[in-house]
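Have a look at the structure below before the remarks.
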Amino acid sequence: MVFQKISLWWGNRYWAFALLLVWMGVIFSFSMLSGKETSGPTPLWYFIERKGAHVIECAFLMTLAFHYFQIVFKHESFRRVILLSGVFALTYGVTDELHQFFVPLRGARFMDVGIDSIGILFAGLFLFGMRQYKNRSK
């Protein structure tokens, strides 16, 4: 009973769109935080934390976008939906970097867009693997 209700909720395009918008808002709010002035080289842990956040947030964005587009474009192929989701997530990553250009003590870095694309690629590979697993178990 509970799983049936969750399934109905998860398959609803309005909820999928709302989740996507909420996650985009979370990314936007993190981008609004002003940067910190650092003296000297950046510590390795700080670099890993910041760049890891880019990978995770974009991977999650790609996954939510894929879920939403898969519901909306039911009759499109898996490849087209995953490509659309990837382009959407990467475009949002680019606009996020542009937004950071205007935030005090932050900046737009092309390297961050590249790191975003790594998260998008990981999510795409995960979704492809899940599809292969699902098809194999049928």
Quiz item: Ignoring ligands, DNA and RNA, what accessible area per residue does the chain give at 1.4 Å, in Å²?
Solution: 71
Exercise. Could you pull the accessible area for H99 with a 1.4 Å probe, rounded to 10 Å²?
Key: 40
Quiz item: Over the chain, what percent of the accessible surface lies on carbon and sulfur atoms, probe 1.4 Å?
Solution: 70
Quiz prompt | Relative contact order %, the range 71-138, counting alpha carbon pairs below 8 Å whose residues are six or more apart | solution = 28
Practice problem: Using only alpha carbons, build the gyration tensor for the range 55-138 and give me the equivalent ellipsoid semi-axes, biggest first, whole Å. | Solution: 29, 13, 8
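The values are calculated or read from the model by the stated rules, or taken from the named source; none is laboratory data. Remember, it's a predicted structure, so these values are computed and weren't measured experimentally. Accessible surface areas use protein heavy atoms only, side chains included; no ligands, DNA or RNA. Shrake-Rupley method; radii C 1.70, N 1.55, O 1.52, S 1.80 Å.
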